[in-house]
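The values are calculated or read from the model by the stated rules, or taken from the named source; none is laboratory data. Not measured: the values here are computed from a predicted model. All Cβ positions, glycine included, derive from the backbone under ideal geometry; neighbour counts span all protein chains shown. The protein model used for the area step is the full one, side chains on, heavy atoms only, and it has no ligands, DNA or RNA in it. Shrake-Rupley method; radii C 1.70, N 1.55, O 1.52, S 1.80 Å.
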Amino acid sequence: MSPDKEKELISIYPALFSDLDDRNCIHLFGFECDDGWFKLLKECIQGIKDVCERDHLDIKADQVKEKYAELRFYLSQHTAELNQVIEKAETKAVQTCEICGCAGKIKQTRPNWWKTLCEKCFTK
């Protein structure tokens with residue numbers, strides 16, 4: 001993800017991304033997906049923030065990435081409600097082009113490599 005978009009996502013709920021260990025994947029690699037998932041990640045982080053602030057939870061993001069064309073959002077702790085927030089974003093991600101954010105489908109881009117892409121981005 002572009003650095004400007006990463007900063008904007010982190011600014012939604014800085015506590016989720018603060019005090020990260022030097023070996024934490026977010027600290028090392030940032031958001032390991034393209035900008036097309038920005039909107040759904042923004043909604044997801046806002047949902048996590050709402051739950052954490054309401055329930056006074058101190059949770060950290062461990063990793064946010066694409067894997068096999070799907071969104072993975074790992075937290076240091078889980079609750080059923082937080083899992084629902086993340087599952088909602090994961091469901092949207094497999095229907096959203098990772099590059100441009102338009103409607104997309106899982107496509108094989110090379111042997112053993114898949115991405116969620118719209119037709120336009122897939123043909124590029």
Test set (1) within 12 Å of the chain's Cα centre (by Cα); (2) open to solvent by 10 Å² or more (accessible area, probe 1.4 Å) - LYS120 fails condition number: (1)
Filter pass, PHE38 being touching a strand residue (DSSP E or B) at 6+ places or on another chain (Cβ under 8 Å) and touching a residue at least 12 places away in the same chain (Cβ under 8 Å): no
Residue that is most open to solvent (accessible area, probe 1.4 Å) [pool: residues in segment 56-114 that are farther than 19 Å from MET1 by Cβ and of a type in the set (Ser, Thr, Tyr)]: THR91
Unmet requirement for GLN63, which otherwise passes all of (1) modelled with pLDDT under 95; (2) of a type outside the set (Asp, Glu); (3) closer than 26 Å to CYS121 by Cβ; (4) not in a strand (DSSP E or B): (4)
Neighbours by Cβ (under 6 Å, 6+ apart or cross-chain): first from segment 86-104, more than 10 Å from LEU40 (Cα to Cα); second among the hydroxyl-bearing types (Ser, Thr, Tyr) and not in a helix (DSSP H, G or I): VAL94/THR116; GLU98/THR116; GLY104/THR96; GLY104/THR116
Where GLN108 falls short, out of the listed (1) within 16 Å of the chain's Cα centre (by Cα); (2) not hydrophobic (A, V, I, L, M, F, W, C); (3) not in a helix (DSSP H, G or I): (1)
Counted residues, segment 4-55 - those being within 14 Å of the chain's Cα centre (by Cα) and surrounded by fewer than 16 Cβ atoms within 10 Å (Cβ to Cβ): 8
